[in-house]
Amino acid sequence: MSSAKVRPALEFEGQPVKALKPTHCFTHPTSGVEARVWVGDCREILPRLPEIQRSELDLVFADPPFNWARAYDEWDDQMADHEYLDFTYDWLDLCAGGLKDTGSLWVNIPDDWAAEIVVHLKQRGMTMVNWCIWHYRFGQNTKGRFINSKVHVLYFSKHPTRRTWNPEPVLETSDRRAIYGDPRTESKRDGMPAGLRVPMDVWYGKFWGRVQGNNLERRHYHDNQLPEVYLERVIACSSNPGDLVLDPFLGSGTTGVMAHAMGRRFIGTEFSVQNAKNAVERMKAGPVREIGSTRGASTAIFETRRVSRQAKPPKGA
């Protein structure tokens, strides 16, 4: 896989560039929003898209190959470190350059490359909003080190104050209500509904585990798949209906599935012909679970249990 550098998107402003016809293009039967998918290397496709050249992206979510020598069909997932970082910086620059002032860029990445990406985006002038963690209990077993049970969720914005931010659709039941039954949470003064809060920066809970085995969301022919609730949270808080969402590594299609179902315009690129075909079929079918079905739910590990005072056995029993 070549790691030849591509000029950042902003260098294409004002220059006539032949538009690329998408490999797949379709509209949602209810909302009418359009989804378009191109097959090929995102570094070659993105600079030629008018939306990138004009910085029209509202949201970018990227779950790139991790360079772990995993099965991604046609993709070379075993580059030399310097080639992988060159590749990473190239697509990051293209995505960042294509954002609106109100736009956000999210990256799902393991320990190996998180620090390099954070440094690069800060040097690019992006603002880090959160360094979140996606935590799961089903990690790959190993005896030689601690078992990996997380992936980094890096949340950056184009502008430090103008980003699109919608906390209401992602609120969850607070631990004060779920664990302690604290009455103070029922009369909050921060403008949020009683008993609810913005989620913490470590993400876990029902349906948040890795999509493996007989999981209802599981789609075959792809080695890595994110849960639908993960992308529902990102899309809900960082974009509005009708906004434009990009995923430069479509993969199993979760970003496209959720964005399309949530009324966002969607564009995506995917290196594998087969992965793109499977992802588009999944996008047309829609999500497994209803949008918003987990909204407001508690992620508390332990919840309050009411114990009857009469349950205490008498002395000597």
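The values are calculated or read from the model by the stated rules, or taken from the named source; none is laboratory data. Worth saying up front: this structure is predicted, and the values here are computed from it rather than measured. Neighbour counts are summed over all protein chains in view; Cβ atoms, including those assigned to glycine, are modelled from backbone coordinates with ideal geometry.
Anything in the range 228-252 that is under 9 Å from the mean Cα position of the chain (by Cα) and of a type in the set (Phe, Trp, Tyr)? List them, or say none. Hit for the range 228-252 is Tyr230, nothing else.
Residues in the range 38-53 that are more than 20 Å from Phe26 (Cα to Cα) and not in a helix (DSSP H, G or I): 1 in all. For Gly144, the conditions (1) surrounded by 16 or more Cβ atoms within 10 Å (Cβ to Cβ); (2) in a loop (DSSP other than H, G, I, E, B) are fulfilled apart from (1). Among the residues making up the range 166-180, those that are surrounded by 13 or more Cβ atoms within 10 Å (Cβ to Cβ) and in a loop (DSSP other than H, G, I, E, B) are Pro167, Leu171, Ser174, Ile179, Tyr180. Filtering Trp113, Trp106, Trp134 for residues that are of a type in the set (Phe, Trp, Tyr), out of contact with any His (no Cβ under 7 Å at 6 or more places or on another chain) and in a helix (DSSP H, G or I) leaves a single hit, Trp113. Within the range 75-84, the set of residues being out of contact with any Ser or Thr (no Cβ under 8 Å at 6 or more places or on another chain) and either under 13 Å from Leu121 (Cβ atoms) or not in a helix (DSSP H, G or I) (or both) comprises Asp76, Asp77, Gln78, Ala80. Residues in the range 272-295 that are touching a strand residue (DSSP E or B) at 6+ places or on another chain (Cβ under 9 Å), surrounded by fewer than 21 Cβ atoms within 10 Å (Cβ to Cβ) and modelled with pLDDT of 90 or more: Ser272, Val273, Lys277, Lys284. The residues listed here are Phe156, Phe146, Phe138; of these, the one that is of a type in the set (Phe, Trp, Tyr), at pLDDT 90 or above and out of contact with any Leu (no Cβ under 9 Å at 6 or more places or on another chain) is Phe146. Being of a type in the set (Gly, Ala, Ser), under 25 Å from Cys237 (Cβ atoms) and in contact (Cβ under 8 Å) with a residue 24 or more places away in the chain is the filter here, so list the residues in the range 175-193 that pass it. Across the range 175-193, the qualifying residue is only Ala178.
The listed residues are Trp165, Trp113, and the only one of them that is more than 20 Å from Phe249 (Cα to Cα), out of contact with any strand residue (DSSP E or B) (no Cβ under 8 Å at 6 or more places or on another chain), aromatic (Phe, Trp, Tyr) and touching a residue at least 12 places away in the same chain (Cβ under 8 Å) turns out to be Trp165. Being surrounded by 15 or more Cβ atoms within 10 Å (Cβ to Cβ), in contact (Cβ under 8 Å) with a residue 12 or more places away in the chain and under 30 Å from Gly242 (Cβ atoms) holds for only one residue in Met126, Met79, and it is Met126.
Quick grid of which residues meet (1) more than 16 Å from Arg289 (Cα to Cα); (2) among the charged types (D, E, K, R):
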{"site": "Arg233", "(1), (2)": "no, yes"}
{"site": "Ala236", "(1), (2)": "no, no"}
{"site": "Val245", "(1), (2)": "yes, no"}
{"site": "Ser252", "(1), (2)": "yes, no"}
{"site": "Met262", "(1), (2)": "no, no"}
{"site": "Gln274", "(1), (2)": "yes, no"}
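On the basis of being surrounded by fewer than 23 Cβ atoms within 10 Å (Cβ to Cβ), in contact (Cβ under 8 Å) with a residue 24 or more places away in the chain and within 19 Å of Tyr155 (Cβ to Cβ), does Gly97 make the cut? Against the criterion (surrounded by fewer than 23 Cβ atoms within 10 Å (Cβ to Cβ), in contact (Cβ under 8 Å) with a residue 24 or more places away in the chain and within 19 Å of Tyr155 (Cβ to Cβ)), Gly97 qualifies.
Quick check: is even one residue across the range 239-260 touching an Asp or Glu at 6+ places or on another chain (Cβ under 7 Å), surrounded by 15 or more Cβ atoms within 10 Å (Cβ to Cβ) and at positive phi? Yes, some residue in the range 239-260 is touching an Asp or Glu at 6+ places or on another chain (Cβ under 7 Å), surrounded by 15 or more Cβ atoms within 10 Å (Cβ to Cβ) and at positive phi. Scanning the range 103-113 for residues that are under 21 Å from Asn67 (Cβ atoms) and either crowded, with 17+ Cβ neighbours inside 10 Å or among the charged types (D, E, K, R) (or both) yields Leu105, Trp106, Val107, Asn108, Ile109, Asp111, Asp112, Trp113.
Leu216 meets all of the listed conditions (1) under 28 Å from Ser31 (Cβ atoms); (2) aliphatic (A, V, I, L, M); (3) modelled with pLDDT of 90 or more but one, namely (3).
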